[in-house]
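Peer 1: Below you will find the structure I want to go over with you.
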Amino acid sequence: MKPNKNLLSVLLFLGGLNGFLAVGLGAFGAHALKDRLETNNTVTLWQTASHYHLSHAIALVLTALLADKFANSVLLKRAGFGFLFGILLFSGSLYALALTNIKVLGAITPLGGLGFMAGWILLLTAGIKNMNSE
């Protein structure tokens with residue numbers, strides 16, 4: 001089965017975009033929002049959001065590259081979208097919580113964590129499946 005190049009390109013694009021956004025938002029929080037975040041004791045929220053955003057943007061890019069390498073890449077593609085889902089919900093909710101202090105946004109964060117975990121489990125499963133096919 002030949003990997004779908006368009007879908008792989010989308011995953012690679014999304015990984016690059018999220019890497020860019022993670023670095024930009026991290027710097028924005030550290031500099032432009034420094035006074036606002038420190039005043040509200042939310043700098044840790046912002047740093048956590050930025051850290052997970054960047055690390056999972058890298059995971060998304062690597063997953064896209066792996067999906068291009070392996071013929072049976074359905075699990076890898078799903079893992080990439082698990083990482084994207086996690087970035088949007090986990091990091092997105094923490095960024096929004098840090099800026100707005102709307103506490104209910106914290107209830108969304110664990111759903112993003114589940115997205116990250118699903119991505120990693122799908123990646124692990126793809127590795128096991130690939131080992132068993134050799």
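Peer 1: Quick check: anything in segment 115-124 part of a helix (DSSP H, G or I), exposed (fewer than 14 other Cβ atoms within 10 Å of the Cβ) and under 13 Å from the mean Cα position of the chain (by Cα)?
Peer 2: yes
Peer 1: Got a sec? Which of 90, 70 is in contact (Cβ under 8 Å) with a residue 40 or more places away in the chain, among the aromatic types (Phe, Trp, Tyr) and farther than 21 Å from residue 24 by Cα?
Peer 2: The unique qualifying residue is 70.
Peer 1: State whether the residues of segment 77-97 include one that is surrounded by 14 or more Cβ atoms within 10 Å (Cβ to Cβ) and modelled with pLDDT under 90.
Peer 2: Checked segment 77-97: at least one residue is surrounded by 14 or more Cβ atoms within 10 Å (Cβ to Cβ) and modelled with pLDDT under 90.
Peer 1: Related question: Scan segment 100-107 and give yes if some residue there is buried (at least 21 other Cβ atoms within 10 Å of the Cβ) and either out of contact with any Cys (no Cβ under 8 Å at 6 or more places or on another chain) or not in a helix (DSSP H, G or I) (or both), otherwise no.
Peer 2: no
Peer 1: Next question. Among the helices (runs of 4 or more DSSP H) lying completely within segment 9-97, list those that include at least 3 residues that are within 25 Å of residue 127 (Cα to Cα).
Peer 2: 43-69, 74-86
The values are calculated or read from the model by the stated rules, or taken from the named source; none is laboratory data. Everything numeric in this text was worked out from a predicted model, so none of it was measured. So basically every Cβ, Gly included, is an ideal-geometry build from the backbone, and we count neighbours across all protein chains shown.
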